[in-house]
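Here is the structure we will look at, set down as structure tokens.
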Amino acid sequence: VNILVSSLIIFFIFKSLIVGLISFIIASLVFAYLFFIYLIISTLIISPFDKFIKQAIINQAKQKLDSIPHLKIIGLTGSYGKTTTKEMLYDVLSQKYKTVKTEGNLNTPLGIAKTIKEKIAKDTEIFIVEMGAFNQGDIKELCNLTQPDISILTGINESHLERFQTIQNTIATKFEIVKYAKENAIVVLNTLDENIKSNFEKYIDHKKVKTTDNLKVEIKEFFEDGSGQIIQINNLEIKTKFIASYIKNTISLVYLTAQELELTNEEIKTGIEKAEPPKHRMNGTLHPNDVLVIDDSYNGNPAGVKEAISTLSHFKSRRKIYITPGLVEMGDRAESIHKIIGYNLSRVADLVILIDNSSSKIIKQSLLQNNFSEEKIKVYGSMLNLEEDLISILRPNDVVIFQNDWPDNYS
């Protein structure tokens, strides 16, 4: 009898637990379902108000700009060189005008509208707007808010080709900054970029165009301690803190824009010499044993890599080391782009260090095909593995370029 009673008690306890667990699961599912319905209904109710509020902020910003008739808007875009050009242009134009620029990645309509609300004043004379794009029509939308008096196009290449699908889509998107500028806008173009040079005439309409290929720009002196170089543009010599070869293009665009806004050569020179390289874009730092480390980790485009390798070639008295995982988002041109990188490195580098992935394999193959010694190629599974071994690799007087952080979601 005792055994039977005990068994019945255990059975009822177990049954109660099962029933309770099932009830809890059902209640949880019902709650989750109701909460999901609540979220959907809340989103449907709030979304129009949210959109209305955002549009109201944008409209207020537009009205504020319209209320300052003397304000000139400079819009700039490109696959590369946007931030460096914006920052240097700000340093130069601030020599003469009260100038405001967009900060960081605040390049959406709402982000720009907030900048206008917080920073633009009645006496602001120049507003520099960096315009980014992830889809066709993005720059057109930004031009609707900040229609440029001066449009600057820094360069066009295969960056983010996986988003734009074709280079022609990229070209059309970047040229929105020209197409949707004011009718009497001035257009400043880096025509040393082939994609700009071969396409600009079909977009400019009757706008005034200034091109960089009419300028005489050359490196007069390069400082191997990483402190910069002396650039001569026409008859103007400028000591810049930038070591990257691409800075010639940036200075050309800034020079043309500043001339159009009637700055003197002395004002242009002072502003450019004041300009600091943005972080992680060819920043050189001297380390013990006179090792020069150049941080180029934000460089994720083919033009930037080409310029970095070109910069490396200017170091005549140092062993030249290049560290790279390759590039991402190159679409169906990934193989050809990385073969070119391998070819260019084979002509310049003394040692190439690769972070193992699909892109770096192509670079290695290209290096070997171009008679680069396999002994001068090192491959590591990760940047962490390389860092553990780097001290044993470096020698006094080396120069090392770290190019492009490789995102975790690529392999």
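I'd like the full set of residues that are farther than 11 Å from LEU153 by Cα, assigned to a helix (DSSP H, G or I) and within 22 Å of the chain's Cα centre (by Cα), limited to the range 169-194. Within the range 169-194, ASN169, THR170, ALA172, THR173, GLU194 meet the criteria. Filtered by the rule that a residue be modelled with pLDDT under 95 and surrounded by fewer than 17 Cβ atoms within 10 Å (Cβ to Cβ), the range 225-235 gives ASP225, SER227, ASN234, ASN235.
The conditions of being within 22 Å of GLU329 (Cα to Cα) and in contact (Cβ under 8 Å) with a residue 60 or more places away in the chain are met by SER79.
Yes/no matrix, rows are residues, columns are (1) closer than 30 Å to ALA113 by Cα; (2) at pLDDT below 75; (3) more than 56 Å from the chain's Cα centre (by Cα):
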residue	(1), (2), (3)
ILE10	no, yes, yes
LYS15	no, yes, yes
VAL19	no, yes, yes
SER23	no, no, no
ALA27	no, no, no
LEU34	no, no, no
LEU44	yes, yes, no
PRO48	yes, yes, no
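Considering only residues in the range 347-361 that are under 24 Å from the mean Cα position of the chain (by Cα) and assigned to a helix (DSSP H, G or I), the one that is modelled with the lowest pLDDT turns out to be SER358.
Looking across ILE150, ILE171, ILE126, ILE177, one residue alone is within 30 Å of SER336 (Cα to Cα) and in contact (Cβ under 8 Å) with a residue 60 or more places away in the chain. It is ILE177. When GLU118, GLU158 are checked against the criterion of being farther than 22 Å from GLU262 by Cβ and surrounded by 23 or more Cβ atoms within 10 Å (Cβ to Cβ), GLU158 stands alone in meeting it. Selection of the range 190-212 for residues being farther than 17 Å from ALA133 by Cβ and among the hydrophobic types (A, V, I, L, M, F, W, C) yields LEU192, PHE200, ILE204, VAL209.
Within the range 270-308, the only residue that satisfies the criterion of being in a helix (DSSP H, G or I), out of contact with any Pro (no Cβ under 9 Å at 6 or more places or on another chain) and among the polar types (S, T, N, Q) is THR270. Does ILE238 satisfy being in the same structural domain as TYR90 (by TED's automatic domain parsing), surrounded by fewer than 20 Cβ atoms within 10 Å (Cβ to Cβ), among the aliphatic types (A, V, I, L, M) and modelled with pLDDT of 95 or more? So ILE238 fails the test.
The values are calculated or read from the model by the stated rules, or taken from the named source; none is laboratory data. Quantities reported herein were computed from a predicted structural model and do not represent experimental measurements. Cβ atoms come from the backbone with ideal geometry, glycine included; neighbour counts cover every protein chain shown.
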